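The structure under discussion appears below in the form of structure tokens.
The values are calculated or read from the model by the stated rules, or taken from the named source; none is laboratory data. None of the values given here were measured: they were computed from a predicted structure. Reconstructed Cβ throughout: ideal geometry from the backbone, glycine too, with neighbour counts over all protein chains shown.
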Amino acid sequence: MRQRWGLIALVAVISFFTGGWLLQRGTARDGNVYQRARLFDDVLSHVAAYYVDSIPQADLYEKATNGLLEELKDPYSVLLQGDDYKALTETTTGNYGGLGIQIDVRDGWITVVAPLPETPAEQAGVETGDQIISVDAKSTQGWSSDEAVKALRGPAGSSVELRIRRAGLAQPITYKLKRAQIHVRSVPPGNLFPGGIGYISLSPVAESSTMELRREITALLGKGMKSLVLDLRGNPGGLLDQGVKVADLFLNQDQEIVETRGRARGSTKTFVDMAGQEWPNLPIVVLVNDGTASAAEIISGALQDHDRAVVVGTPTFGKGLVQTLFPFSDNSALKLTTGRWYTPSGRTIQRTARTEEEQVAQAARQAGVPVPTGDAMPDSSIHADTANRPVYKTDSGRIVRGGGGIVPDLIVRQDSLTDSERAFATALGSKFAEYRDAITATALQLKNDKGVTSEDFTVTPAMRAEVLRRLRAKGVSLTDETFAKAQSLIDDQLGYEVARYIFGRPAEFRRRARDDKQMQTALGLLRKADTPTSLLSLAMAQAASTGPERRN
């Protein structure tokens, strides 16, 4: 018995003195996370103490953090700090302190594109086309848009003084304005086309999107809307919960909207419609393009999979990843990819790409947009690409494709540049900003001269000649032949600009809609369909008759 107790005591002593070694050995064998952590700490302390250049320790931690996120090889997982975090907050809420002015740089000056409704700028009388020549007595000549935004925005209630140059007035106007809390709507006021066809755009998918969309649909229905074009083109996405709620407006109770799958607890979840749809008899066409991404793809994918809408346009961006925001303070947060999402039919639409730039290029080629690494994808290539994708089926058994973006029911590409128009763009080269300035200056001159009195105006040879004169005055060398062969392109761009600066953004929208192939396809379908079912049948018949480039 004594020998037994002696053996136990010996084992205990050995264990006591060797416990640390045994622990370290076990860690190294089963996973050396503790050794790695110690190694990292050792490297950090040695760099701080011995590196040839002095680097503040706070900077070292920041570099290490950024390096960790870069090694994930995920462009959507980033640490947001300062202005970047503030910009994300403003995008998702639509709220900021400022004056309510849409601006751009024209001819070296900050130019008002449009004042927002019911904002300090509009209430004071700021007009489209005004040039802001100083802010708080500081000249804005040569400012970038970012510089102007920083100067114009500020806490609600703070004051700012603007000096504005306006066409037709000899002297600048001085405005003393008080900033307010501005809300930028993700759903602007809708439009009603003849035949009771409503048009509503949505971008981005923000906190107030569902409320604003419901309000605009209700308003258009009160004006006689019978069918709807929902434009998600260029919508970069936004909040997952709002994407779900927008889709909820159009689907039946208990229909699946999207499924998210992730590794962490709570990241795998199926989102379903919580209430019956409000407008079950409203035919809907959804417009998409290569700029339609993330939450906007959730909306279009859910409506397509449940046969609730006809999707028209070009394949979407293909971002099927879920990001979760982890705030660390009032000034920083981690935006981390925590899952993938799938449409109701089971599709993942995430494109396979090494970088975000490569993903952008893939989507642009499918949309028929030339990219720096190559030309637009021909129709036959689009068909081959979509035909080789995984097959899924909608509620009614229609075939839809996965593997990279939402493929529309009708693929309709916008007109690409002609050879003559490409030659014109090549001749402009790095002088595109001067061309844009010449277009705007001509539009503002026409506004000043009051020479255009109807929004249905035709661009005249004299208007084009004025653009060319201004281009040459800026040192842009163009032959008469090169300029003349690009007449159609120049007429379109000048026409949009004149309509905006003389008659306002609604007039510009109507003019652009007239030249928009995707919009005209949507209007053509809705003029013939009086129910969602007849719209779907009409679109499928058109897809079958117009060739493979328009089928998915």
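Odds and ends about this structure:
- Set side by side, the residues T111, T92 differ, and just one is more than 25 Å from L162 (Cα to Cα) and of a type in the set (S, T, Y), which is T92.
- S537 vs. criteria of a type in the set (S, T, N, Q) and in contact (Cβ under 8 Å) with a residue 40 or more places away in the chain: no
- Any hit, the stretch 455-465, residues being among the polar types (S, T, N, Q) and part of a helix (DSSP H, G or I): no
- Evaluation of A513 against (1) of a type in the set (G, A, S); (2) in contact with a strand residue (DSSP E or B) (Cβ under 6 Å, 6 or more places away or on another chain); (3) under 16 Å from S201 (Cβ atoms) (one fails), failing number: (2)
- Here the stretch 179-212 is the region considered, the condition is being in a loop (DSSP other than H, G, I, E, B) and hydrophobic (A, V, I, L, M, F, W, C), and the residue that is surrounded by the fewest Cβ atoms within 10 Å (Cβ to Cβ) is V184.
- Of the residues in the stretch 327-335, none is among the aromatic types (F, W, Y) and under 20 Å from A206 (Cα atoms).
- Members of the stretch 421-456 found to be buried (at least 17 other Cβ atoms within 10 Å of the Cβ) and among the hydroxyl-bearing types (S, T, Y), listed by number: Y435, T440, T442
- For the stretch 381-388, the criterion of being part of a loop (DSSP other than H, G, I, E, B), touching a helix residue (DSSP H, G or I) at 6+ places or on another chain (Cβ under 8 Å) and modelled with pLDDT of 65 or more is satisfied by no residue at all.
- In the stretch 263-304, of all residues being in a helix (DSSP H, G or I) and among the polar types (S, T, N, Q), the one that is nearest to S537 (Cα to Cα) corresponds to Q304.
- Residue in the stretch 231-244 that is among the hydrophobic types (A, V, I, L, M, F, W, C), in a helix (DSSP H, G or I) and either crowded, with 19+ Cβ neighbours inside 10 Å or in the same structural domain as G198 (by TED's automatic domain parsing) (or both) present: yes
- Looking only at residues of the stretch 500-536 that are at pLDDT 95 or above and among the small types (G, A, S), we find that the one that is surrounded by the most Cβ atoms within 10 Å (Cβ to Cβ) is A522.
- Of all residues in the stretch 323-342 being surrounded by fewer than 22 Cβ atoms within 10 Å (Cβ to Cβ) and of a type in the set (A, V, I, L, M, F, W, C), the one that is farthest from V412 (Cα to Cα): F328
Let's see how each residue does on (1) assigned to a strand (DSSP E or B); (2) modelled with pLDDT of 90 or more; (3) surrounded by fewer than 16 Cβ atoms within 10 Å (Cβ to Cβ):
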position	(1), (2), (3)
L68	no, yes, yes
A87	no, no, yes
P117	no, no, yes
S134	yes, yes, no
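- G320 meets the conditions (1) in contact with a Lys or Arg (Cβ under 9 Å, 6 or more places away or on another chain); (2) buried (at least 24 other Cβ atoms within 10 Å of the Cβ); (3) closer than 29 Å to S537 by Cβ in every case but one. The failed one is (3).
- In the stretch 43-66, the residues that are surrounded by 10 or more Cβ atoms within 10 Å (Cβ to Cβ) and polar (S, T, N, Q): S45, Q57, T65, N66
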